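The structure appears below as structure tokens.
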Amino acid sequence: MGHGRRTLLCLMPNDFETLETLGGEDEVSLLEILDHVLNSGVVIHGSLVISLAGVDLVYLGLNVVLTSVETALNNLQIEEKRRQK
Amino acid sequence: MSRILVYCGFRHAPELALPAVGVNAAPVQVASFGNLNLLWSEAEWPFDPERMQKSAVEFHEVVHQVFKQTAVIPFRLLSVFDDQQAFTAFAAENRQRFMQDLSRLKDFVQMECVIYPRPSQIDRSSGKAYLQQKAVALRSSEGLAQAMQNAIAHLSREVRVREGKNGTRIFVLVERGRENDFRQAVTAVPIPSHLSRRMSGPWPAAEFLSEQVKMPQMDGAAGAK
């Protein structure tokens, strides 16, 4: 689990950048993208079944990423405040 | 090891421009099950954690390109199927429920607003001061969330509110094309000095999917990861 957490945190420096996607019509932050692609939408029921049966990567991966996004959202608020100063 | 990575489902329409490549530059393919189309590509499994951020953006761009043109049901990035057989079984089992949700949500997008305490205003001088301030912020946040819901009532088909560690998150189902009206209505609501607000959207209406679509049951669950 520690490995996964370190991996995501090392990606953090770019997380506050605003991305222009698909022609620049919509601007969304990377954190919002991560939050939506990982937390929103269809969850295939089998993932939990398989994970509990012993494939750790799926289960741990999901949890580590979700925890890190939560932490990252906290950091985003701090970063926004810094920018306002 | 290669798996089937599914991006999203949408109602078949020949005029839609579909993305050519997805995560890790894999060719995106369309699987049709009656009127339901599912976009998928092959993906190496497990995902390389070093490129997770890039994969997330690539995944998002595939979904977003379709969503810009029509309603979609997004899948989550870390869900994959073992093989075509498991994928096909899943689609056959859930096609009708997917089509019902697509029909219900076809004219709508999801807008979001998060209300959270301003970090610099947090008093950490003592535990008591912190908790007192937190209680005040919570009450204030609830009041602001209600004020925002009132302000957008004429624009919202449905609203869901979730309280989290980071604040109050409001999900609003808004008619496609009225996103700017939503932004203006939210911006017009005054914010107390100790709170902040962040808006985002439009997103696919994932928060408003039926429970059976969000977490579909599968007879062949062992085929999915």
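Legend: mean number of C-beta atoms from other chains within 10 angstrom of residue C-beta atoms, peptide B:41-49, equals 2. Computed 3J(HN,Hα) for the stretch B:85-98, one whole-Hz value per residue from the Karplus formula 6.51 cos²θ - 1.76 cosθ + 1.60 where θ = phi - 60°, is 4, 5, 5, 5, 5, 4, 5, 4, 6, 10, 4, 5, 5, 4, glycine and proline marked x. Hey, how many Å between the Cα centroid of the stretch B:58-112 and the Cα centroid of the stretch B:164-206? After rounding, the separation between the Cα centres reads 24 Å. Compute the FRET efficiency between B:Lys106 and B:Gln84 as 1/(1 + (r/R0)^6), taking r as their Cβ-Cβ distance and R0 = 22 Å, and round to the nearest 0.05. Efficiency computed from Cβ-Cβ geometry: 0.20. Based on Cα contacts under 8 Å between residues 6+ apart, the stretch B:1-90 shows a relative contact order of 43 percent. Estimated from the Cβ-Cβ distance and a Förster radius of 41 angstrom, the FRET efficiency linking B:Arg51 and B:Glu158 is about 0.70.
Per residue of B:75-83, other chain Cβ atoms within 10 Å of the residue Cβ number 6 on average.
From its DSSP helices (H runs of at least four residues, each -39,500 (n - 2.57)), chain B gives a residue-normalised ellipticity at 222 nm of -11000 deg cm²/dmol. Taking amide H as placed 1.01 Å from N in the peptide plane, B:Arg176 has its amide H under 5 Å from the amide H of B:Phe108, B:Val109, each at least 5 places away in sequence or on another chain.
Scoring B:64-73, B:24-33 by mean Cβ neighbours within 10 Å over their residues and listing the highest first yields B:64-73, B:24-33.
Here the label points at B:His12 and B:Ala92, each 7 Å from Cα along the C-beta direction, are separated by 1.7 nm in the simple model. Which FRET efficiency value, to the nearest 0.05, is calculated for B:Gln146 and B:Gln29 with the Förster distance at 35 angstrom and r the Cβ-Cβ distance? Step by step, r from the Cβ atoms, then E = 0.15. Computed from backbone phi with θ = phi - 60° and the Karplus coefficients 6.51, -1.76 and 1.60, the 3J(HN,Hα) list for the stretch A:32-39 is 5, 4, 4, 4, 6, 6, 9, 10 Hz; x is used for glycine and proline. Working note: Karplus 6.51/-1.76/1.60 with θ = phi - 60° gives the stretch B:187-198 the couplings 4, 6, 7, x, 10, x, 5, 8, 10, 10, 9, 10 Hz, where Gly and Pro are set to x. Summarising the amide proton neighbourhood of B:Leu195: residues at separation of 5 or more, or on other chains, whose placed amide H is nearer than 5 Å comprise B:Arg118. For chain B, the Cβ-based charge dipole about the Cα centre amounts to some 960 debye (Lys, Arg positive; Asp, Glu negative; other atoms uncharged).
Quick note: the coordinates plus some simple rules give every number you see, no bench work behind them. Keep in mind that this is a model prediction, so the values were computed, not measured. Cβ coordinates were reconstructed from backbone atoms using ideal geometry, including for glycine residues, and neighbour counts include every protein chain displayed.
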